[in-house]
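Everything on this sheet refers to the single structure shown next.
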Amino acid sequence: MTAQTPFSQGSGQSSSQSSSQSSSQSSALSATAWEQRYQSGTPRWDLGQPAPAFKTLLESADAPQVGSAIALGAGRGHDALFFAQQGFAVTAVDFAPSAIAALEPQAQAQNLSLQLLQRDIFDLVPEFAGQFSYVIEHTCFCAIDPVLRPAYAQLAADLLAPGGELLAVFFTHQRPGGPPFGTTPAAVRQLFEPLFEVIALEPVANSMPSRRGEEHFGRMKKR
Ligand SMILES: C[S@@+](CC[C@H](N)C(=O)[O-])C[C@H]1O[C@@H](n2cnc3c(N)ncnc32)[C@H](O)[C@@H]1O
């Protein structure tokens with residue numbers, strides 16, 4: 001039995017259970033399971049607003065220059081819409097139809113032109129290889145089977161143009177099981193450093209109360 005974490009709704013699994021399964025084989029992590037979570041009511045991971053760490057970043061003196069960005073596991077798209085509002089050319093990807101369906105009218109209402117893809121993120125390459133200046137990550141990394149994390153890091157690198165950056169809010173909680181599967185800053189470094197120069201990896205100071213002390217913001221440049 002998995003501990004009840006902010007995302008789990010009785011369908012979570014332990015990472016040891018998942019270690020012999022790929023994402024597509026694991027029912028709790030399938031597109032169908034995520035779609036059911038959206039259909040069953042308010043998704044517990046949905047902040048209803050952009051991640052505070054992204055707001056801080058885009059308001060800072062070190063804000064990334066406007067460019068093309070892809071949001072992986074974008075959900076209802078609060079982060080994707082926020083980057084689009086700031087002038088980024090955003091592609092939002094999620095394999096749950098309800099997530100994309102919720103995003104589309106919001107983009108239209110705000111007169112924002114986003115590319116919306118209902119796709120498995122692991123099917124994006126080669127089609128979208130090298131096409132983006134930024135990869136936006138917020139609670140997708142913690143939603144996939146941990147055995148797929150090396151593939152995720154490679155995917156992020158493959159999607160980026162030379163010199164592109166991964167802008168990520170990592171859920172660094174220490175509870176067992178998931179989703180959301182936790183991680184540590186050390187594990188993040190070990191995973192991404194072969195492919196990325198880590199520009200910043202630091203605790204998020206202004207997390208929402210439910211995630212306080214459990215988020216790290218990472219900014220990494222593709223090698
Ligand atoms: C915890 S939710 C986070 C959603 C959004 N980033 C947010 O913060 O509200 C994880 C999202 O990743 C999506 N997802 C998980 N695995 C995926 C995959 N392999 N391909 C595409 N989307 C995926 C799920 O459908 C879900 O919308």
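Some points to look at:
- The range 165-186: number of residues that are touching a Ser or Thr at 6+ places or on another chain (Cβ under 9 Å) and free of Cβ contacts under 8 Å to residues at least 60 places away in the same chain: 8
- Residue pairs whose Cβ atoms lie under 7 Å apart, separated by 6 or more positions or on different chains, with the first residue in the range 135-164 and under 23 Å from Leu57 (Cα atoms) and among the β-branched types (Val, Ile, Thr) and the second part of a strand (DSSP E or B) and away from the ligand (no atom under 14 Å from the Cβ), are Val135/Leu160; Val135/Leu166.
- The residue of the range 150-160 that is surrounded by the most Cβ atoms within 10 Å (Cβ to Cβ), among those that are in a helix (DSSP H, G or I) and more than 12 Å from the ligand (Cβ to nearest atom), is Ala156.
- Complete set of residues in the range 189-223 that are of a type in the set (Ser, Thr, Tyr) and assigned to a helix (DSSP H, G or I): Ser210
- Qualifying residue in the range 126-133 (condition: at pLDDT 95 or above, surrounded by fewer than 19 Cβ atoms within 10 Å (Cβ to Cβ), closer than 18 Å to Ala33 by Cβ and charged (D, E, K, R)): no
- Any hit, the range 134-142, residues being out of contact with any Leu (no Cβ under 9 Å at 6 or more places or on another chain) and exposed (fewer than 15 other Cβ atoms within 10 Å of the Cβ): no
- Candidates in the range 53-75 are the residues that are in contact with a helix residue (DSSP H, G or I) (Cβ under 9 Å, 6 or more places away or on another chain) and closer than 20 Å to His173 by Cβ; of these, the one that is farthest from the ligand (Cβ to nearest atom) is Phe54.
- Residue pairs meeting the criteria (Cβ under 8 Å; at least 6 apart or on separate chains; first at pLDDT 95 or above, in the range 31-57; second surrounded by fewer than 15 Cβ atoms within 10 Å (Cβ to Cβ) and in a helix (DSSP H, G or I)): Ala33/Ser27; Glu35/Pro97
- Apart from one condition, Ala28 fits all of (1) modelled with pLDDT of 95 or more; (2) within 13 Å of the ligand (Cβ to nearest atom); (3) touching a strand residue (DSSP E or B) at 6+ places or on another chain (Cβ under 7 Å); the exception is (1).
- Test: residue in the range 89-99 that is of a type in the set (A, V, I, L, M, F, W, C), closer than 28 Å to Gly213 by Cβ and either more than 10 Å from the ligand (Cβ to nearest atom) or modelled with pLDDT under 95 (or both): no
- Every condition in (1) part of a loop (DSSP other than H, G, I, E, B); (2) charged (D, E, K, R); (3) within 13 Å of the ligand (Cβ to nearest atom) holds for Glu137 except the one numbered (1).
- Among the conditions (1) assigned to a strand (DSSP E or B); (2) in contact with a strand residue (DSSP E or B) (Cβ under 6 Å, 6 or more places away or on another chain); (3) at positive phi, the only one that Gly163 does not satisfy is (2).
- Yes/no for Ser113 being closer than 18 Å to Gly218 by Cα and among the hydroxyl-bearing types (Ser, Thr, Tyr): no
The values are calculated or read from the model by the stated rules, or taken from the named source; none is laboratory data. This one's a predicted model, so the numbers in the text were calculated from it and none came from an experiment. We place every Cβ from the backbone using ideal geometry, glycine too, and count neighbours over all the protein chains shown.
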